[in-house]
1. Pairs only if they're at least six apart or on different chains, beta carbon under 9 angstrom, first in the range B:69-91 and polar (S, T, N, Q), second assigned to a helix (DSSP H, G or I) and surrounded by 12 or more Cβ atoms within 10 Å (Cβ to Cβ); list them, first residue then second.
2. How do the pairs read when you match residues in the range A:599-617 that are facing chain B (nearest Cβ under 10 Å) and part of a helix (DSSP H, G or I) with residues anywhere that are surrounded by 12 or more Cβ atoms within 10 Å (Cβ to Cβ) and modelled with pLDDT under 85, using Cβ under 7 Å and keeping only pairs 6 or more apart or on different chains?
3. Do we have any residue at all in the range B:39-55 that's within 11 Å of another protein chain (Cβ to nearest Cβ), more than 14 Å from the chain's Cα centre (by Cα) and hydroxyl-bearing (Ser, Thr, Tyr)?
4. Does the range A:550-566 contain any residue that is within 14 Å of chain B (Cβ to nearest Cβ) and on the phi < 0 side of the Ramachandran plot?
5. Suppose we filter the range B:5-26 for residues that are within 14 Å of another protein chain (Cβ to nearest Cβ), closer than 23 Å to B:Phe78 by Cβ and touching a residue at least 12 places away in the same chain (Cβ under 8 Å); how many remain?
6. Give me the pairs: first residue in the range A:25-48 and farther than 14 Å from A:Leu128 by Cα, second residue of a type in the set (A, V, I, L, M), beta-carbon distance under 9 Å, and six or more apart or on different chains, which are they?
7. Output the number of residues of the range A:293-352 satisfying the condition of being under 20 Å from A:Arg273 (Cβ atoms) and without any contact (Cβ under 8 Å) to a residue 60 or more places away in the chain.
8. If a residue must be farther than 24 Å from B:Asn45 by Cβ, more than 14 Å from chain A (Cβ to nearest Cβ) and within 22 Å of the chain's Cα centre (by Cα), how many such residues does the range B:67-90 contain?
Amino acid sequence: MSVILAFIVLAPLLSSVLIGLLYMFSITKKPLRKRWFTIPALFAPFISFVLGLSGFLYVAKYDIPLHFQPYLWLGVGEYKIYMGFLGDKLSLFMVLFITFVGWLIHLYATSYMSEDKGYGKFFFYFNLFLSSMLLLVLADGPLIMFIGWEGVGLCSYLLISFYFQDNANVVAGNKAFIVNRVGDLGFLIGLAILFFYCSDAGFSYATIAAKISTMPLWLMELVGIALFIGAMGKSAQIPLYVWLPDAMAGPTPVSALIHAATMVTAGVYMVARFAFLYELIPTIGLFIAYIGAFSALFAAIIATKQSDIKKILAYSTMSQLGYMFIAVGLGAYSSALFHVFTHAFFKALLFMGAGAVIVALHHEQNIFKMGKMRHVTPVVYMSMLIATLAISGIPPFAGFFSKDEILLVAFSSGEYVIWGIAVCSAVLTAYYMFRLFFVVFEGKNIKHAHHPHDVSWVMKAPLVILAIGSLCAGFVGLPSLLGGSHLIGTWLGEWGMRAVHVSHETEWWLLALNVAISLLGIGIAYKKFSAYDFSKHQEVTKGVVYNKFYVDEVYDFLFVRSIKKLSEFFAVNLDVNIVDRFIMGLSYGVIKLGHLVALVQNAHVRLYALIMMLGISAASCYLIYVLG
Amino acid sequence: MIANSLFMYITVAMILFSIGLLGVISRKNIFVIYMSIELMLNAINLIFIALSNYHHDMGGQVLAMFVIAIAAAEAGVFLSLIIVLYRRKKTLDSDIFRTLSQKEAV
């Protein structure tokens with residue numbers, strides 16, 4: 001049974017290889033029809049989903065984790081690292097929604113990318129991306145996880161700079177790749193320390209967990225921070241978030257895949273996977289929670305002033321990831337994963353809805369050039385409304401339950417600062433999401449540059465499915481307060497919730513407060529944008545917030561330019577003036593010496609004979625007197 | 001007595017060798033240089049044979065026969081080379097032939 005774990009990863013990997021070969025064939029030999037790419041591209045995630053579901057049901061029935069080790073991946077003396085797959089409750093839970101949402105995004109992409117010349121290439125990367133993410137999730141040890149971790153980074157780079165003809169997209173791809181490398185360095189340092197202390201003839205989560213307590217506390221904290229730096233890079237938290245907004249340069253399905261099902265949730269998953277470590281170091285957990293809270297607020301503030309529809313959604317992702325890190329930092333892993341789960345639905349829906357609007361308007365991304373889309377694309381309108389309500393935290397939509405739970409955790413663990421920041425972010429979230437919604441769908445008096453058209457049903461069908469998901473996903477984790485049994489919390493028993501030390505009455509008050517603050521945010525947005533009139537509008541393109549607090553510029557100044565200066569210093573002063581002079585001087589000296597020696601070779605045969613005889617005499621004297 | 005005579009043989013050989021060496025170094029004519037080389041070879045031969053006799057070992061004499069044979073072959077090559085050289089430059093002065101020198105090459 002456990003062999004299915006390997007096939008969950010292999011199915012998209014093999015299909016990506018197949019698509020890659022077909023694409024090579026189609027561009028070099030003869031063009032192929034699109035369905036050659038479409039069929040394997042859609043089939044593979046579906047197989048993974050079915051296999052993941054069967055594994056899930058198996059684990060649910062027998063309550064033992066699946067573990068599969070096909071072969072020895074690395075054997076150095078005593079150390080043996082097996083290629084291993086671990087299908088426990090956490091990873092199979094992740095696999096389920098990754099493959100499901102991933103499959104819907106694939107379906108959507110077949111329509112979105114249908115006009116593109118690189119159709120086959122796109123699905124080659126796309127399936128590889130999914131495969132890497134599944135490997136990351138299903139790995140049984142951090143090294144195998146790291147393969148997936150890097151694969152995800154590589155594929156995000158390839159996909160973000162997919163429209164590589166435009167230099168800005170390539171720059172964005174590079175930025176994502178480089179910022180992720182910074183995080184990966186932290187992750188690698190953490191792994192190296194863990195390997196030094198906790199590897200015992202193997203290096204899987206189980207062996208680390210068994211030996212973790214032998215480490216000194218300060219080292220554990222160091223490992224905790226180092227691993228979290230990796231999570232910062234992948235999951236776009238302060239200060240390594242800068243790549244996420246720029247990652248919008250890629251095609252919209254890529255954004256949906258990165259933000260909803262894969263990549264950014266890797267950091268949250270990783271921290272949850274290392275729960276056994278983070279439970280021993282609550283101070284680092286608190287640090288993570290604070291980083292998450294600040295990221296949530298920071299991103300929400302920036303999002304209120306952006307005008308690019310995809311950038312607004314990117315900042316909202318960062319903000320929601322902040323919530324997840326608040327939860328994992330405070331030890332409420334199941335709450336965080338619940339939010340990951342609901343977020344996957346509504347964020348995929350938001351991106352795909354945004355993509356549909358963008359296609360309907362002939363690739364226009366500025367929300368202040370949209371407007372009136374309600375009548376053009378009613379299905380998109382309805383599904384976007386559901387997603388926006390879900391992310392804003394209005395019951396009974398999915399986001400409400402998970403966000404409420406995270407706020408409850410923050411409140412009950414006594415971290416009122418974090419709770420306060422999270423509440424402020426919630427108001428802002430509701431505000432900026434409805435700002436986007438009202439402007440795009442309700443704005444009046446807009447003159448579109450091109451006549452907008454409705455999108456095909458291949459694009460709308462996933463939206464409808466995800467809209468249903470966004471409507472219902474929250475009920476999976478219905479808290480006991482509302483008469484539910486919190487299926488996710490029960491399922492992820494090992495990563496269980498912190499016990500909540502507040503009375504039911506307080507819980508009700510918090511719940512009411514959450515709804516109230518969401519309504520407040522929506523109210524402000526309604527007042528300012530509900531009857532948005534494009535003819536009177538002047539787009540704001542100034543101010544600190546619009547310019548994202550100049551963080552990119554500060555980073556540019558602090559890191560990019562200083563490193564550039566340093567390398568220029570090395571290139572000019574050290575290399576040209578010192579190293580080159582030394583090396584060139586050396587060769588010049590050798591040439592001079594050669595000329596000097598060459599003087600002896602002056603064609604005076606008799607001189608040669610004399611020198612030869614002198615040499616022989618000296619050698620003879622040496623033989624006679626020294627060697628006896 | 002035999003030791004004395006060995007010393008005499010070697011003295012003669014050394015004198016012959018020194019004359020040959022002096023000839024090679026100081027004379028310009030290629031013919032004279034060649035003759036000096038032959039003189040040095042024969043000095044060596046003398047030492048071979050004297051020591052062979054002293055040690056009662058025929059190896060030295062065998063070696064001397066080889067040297068004579070090779071010298072004969074060498075004479076053929078050397079004389080023909082001298083003829084070729086003479087045809088080129090109409091001279092036998094060794095200092096004229098300097099095509100391979102550093103100065104000529106540069």
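The values are calculated or read from the model by the stated rules, or taken from the named source; none is laboratory data. Model, not experiment: these values are computed from the prediction. As a convention, Cβ positions derive from the backbone with ideal geometry for all residues, glycine included, and neighbour counts pool all protein chains shown.
1. Listed by first residue and then by second, the contacts come to B:Thr91/B:Leu85.
2. Pairs that qualify, where the first residue is facing chain B (nearest Cβ under 10 Å) and part of a helix (DSSP H, G or I) and the partner is surrounded by 12 or more Cβ atoms within 10 Å (Cβ to Cβ) and modelled with pLDDT under 85, are A:Val605/B:Ser94; A:Arg606/B:Ser94.
3. Our first condition is that a residue be within 11 Å of another protein chain (Cβ to nearest Cβ); within the range B:39-55, this holds for B:40.
Add one more test, that the residue is more than 14 Å from the chain's Cα centre (by Cα), and what stays is none.
No, that holds for no residue.
4. Among the residues of the range A:550-566, not one is within 14 Å of chain B (Cβ to nearest Cβ) and on the phi < 0 side of the Ramachandran plot, which makes the answer no.
5. Number of matching residues: 7.
6. A:Phe25/A:Leu32; A:Ser26/A:Leu32; A:Leu32/A:Leu22; A:Trp36/A:Ile19; A:Trp36/A:Leu22; A:Phe46/A:Ala11; A:Ile47/A:Ile8; A:Ile47/A:Ala11
7. The qualifying residues number 1.
8. Applying the first criterion (farther than 24 Å from B:Asn45 by Cβ) to the range B:67-90 yields B:83-90.
Adding the requirement that they be more than 14 Å from chain A (Cβ to nearest Cβ) leaves B:83-84, B:86-88, B:90.
This time we only want the ones that are within 22 Å of the chain's Cα centre (by Cα), so: B:83-84, B:86.
Of the residues in the range B:67-90, 3 are farther than 24 Å from B:Asn45 by Cβ, more than 14 Å from chain A (Cβ to nearest Cβ) and within 22 Å of the chain's Cα centre (by Cα).
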